[in-house]
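Laboratory data are not the source of any read-out in this text; all were calculated from the coordinates shown. As the structure is a prediction and not an experimental result, all values here were calculated from the model. When we count neighbours, we look across all protein chains shown, and the Cβ atoms used for this are built from the backbone with ideal geometry, even at glycine.
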Amino acid sequence: MALASGLAVAKPVVDSVNYRDGETKLQGYFVYDDAMKGRRPGVVIVHDWAGVKEYEVNRAKQLAALGYTAFVADIYGADVRPKNPKENAANAGKYKGDRPLFQSRLKAAYDQLIARKETDKSRVGAMGYCFGGTGVLELARTGVPLKGVVSFHGGLDIADLGKAKCAFLILHGDVDPFVPKKDIDNLMAMLDQRKLWHKLVRYPGAVHAFTVPTAGNDPSKGAAYHEEADKKSFEEMRGFFKQVFGR
């Protein structure tokens, strides 16, 4: 799958990782550039409603090219890989309806990332797409030590900020029909009240899933790829992590 940044690592290491959250078996991926020496910042990547797939691993490779480690989280379970929109919705709905369970899955992935010797656990962030864009907000709410989170076309319907203390970058398709204005306004107001650093970037003409090439090119369906927004949002994320990580 081609992604918009053009970044590449000669030989990124992609380790399949079997781990658990309680009794649930999970399968994620740890990705890094083994040509680099020493510890480096790390990023948890949270998948969209379709579960773990090549897309997230490729995004992790892009982060490795930036000099970071990345862990692709598995929220649904090692044996759960949805095959169609109906299954996607059912699985995503399970976790959106049980935020403590969602948070537990996210923290399990975070723990895997910081346990790796290549990761500087004092400089950790998270990024996610759609369902995963909601996920990074939930991870921040747990209060685990994060420098910042990036939500790409994510749902923003969180009840409160919980124990969050990191920076927030919200990358939003300006005509996304699936993210109500009230959710955006509510999140911005909560961040203002808590005096947490935050930035909302709106991409004109972009709908939901604007970073996902397989979303198609028909914005009338509410979800579609938007190449310009994909490229610009990647650069926005890149600058954000450079700022919060100090590299």
Out of all the residues in region 180-199, is one or more surrounded by 14 or more Cβ atoms within 10 Å (Cβ to Cβ), under 23 Å from A65 (Cα atoms) and either touching a Cys at 6+ places or on another chain (Cβ under 6 Å) or of a type outside the set (D, E) (or both)? no
With the checklist (1) assigned to a loop (DSSP other than H, G, I, E, B); (2) closer than 30 Å to A35 by Cβ; (3) touching a strand residue (DSSP E or B) at 6+ places or on another chain (Cβ under 7 Å) in hand, flag the one item K117 doesn't pass. (3)
Which pairs have Cβ atoms under 7 Å, sit 6 or more apart or on different chains, and link a residue in region 160-173 that is without any contact (Cβ under 8 Å) to a residue 24 or more places away in the chain and on the phi < 0 side of the Ramachandran plot to one that is of a type in the set (V, I, T) and surrounded by fewer than 23 Cβ atoms within 10 Å (Cβ to Cβ)? K163/T142
Name the one entry in D48, D74 that is within 24 Å of F178 (Cβ to Cβ), touching a residue at least 60 places away in the same chain (Cβ under 8 Å) and not in a strand (DSSP E or B). D48
Within the bounds of region 227-237, is there any residue that is of a type in the set (S, T, Y) and touching a residue at least 40 places away in the same chain (Cβ under 8 Å)? yes
Looking at region 204-223, which of its residues are touching a residue at least 12 places away in the same chain (Cβ under 8 Å) and within 18 Å of the chain's Cα centre (by Cα)? V207, H208, A209, F210, T211, V212, P213, T214, A223
Go through (1) in a loop (DSSP other than H, G, I, E, B); (2) without any contact (Cβ under 8 Å) to a residue 60 or more places away in the chain one by one and return the number of the condition G67 breaks. (2)
For region 174-187, pairs from a residue that is more than 12 Å from H153 (Cβ to Cβ) to a residue that is acidic (D, E) and surrounded by 14 or more Cβ atoms within 10 Å (Cβ to Cβ), with Cβ under 6 Å and 6 or more apart or across chains, are D183/D157
When residues of region 120-153 are filtered for being under 25 Å from R39 (Cβ atoms), among the polar types (S, T, N, Q) and touching a helix residue (DSSP H, G or I) at 6+ places or on another chain (Cβ under 6 Å), how many remain? 1
Among the residues of region 89-97, are any farther than 30 Å from K221 by Cα and over 17 Å from the mean Cα position of the chain (by Cα)? no
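Do we have R105 as of a type in the set (D, E, K, R), touching a residue at least 60 places away in the same chain (Cβ under 8 Å) and either part of a helix (DSSP H, G or I) or buried (at least 17 other Cβ atoms within 10 Å of the Cβ) (or both) here? Before the answer, list the steps.
Details: of a type in the set (D, E, K, R): yes; touching a residue at least 60 places away in the same chain (Cβ under 8 Å): yes; either part of a helix (DSSP H, G or I) or buried (at least 17 other Cβ atoms within 10 Å of the Cβ) (or both): yes.
Answer is yes for this residue.
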Does G93 qualify as being assigned to a loop (DSSP other than H, G, I, E, B) and surrounded by fewer than 24 Cβ atoms within 10 Å (Cβ to Cβ)? no
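Suppose we filter region 188-203 for residues that are of a type in the set (G, A, S) and farther than 21 Å from D176 by Cα; how many remain? Spell out how you get there, then give the answer.
In the first step, residues of region 188-203 are kept if they are of a type in the set (G, A, S); the result is 189.
Narrowing the set further to residues that are farther than 21 Å from D176 by Cα leaves none.
So the answer is 0.
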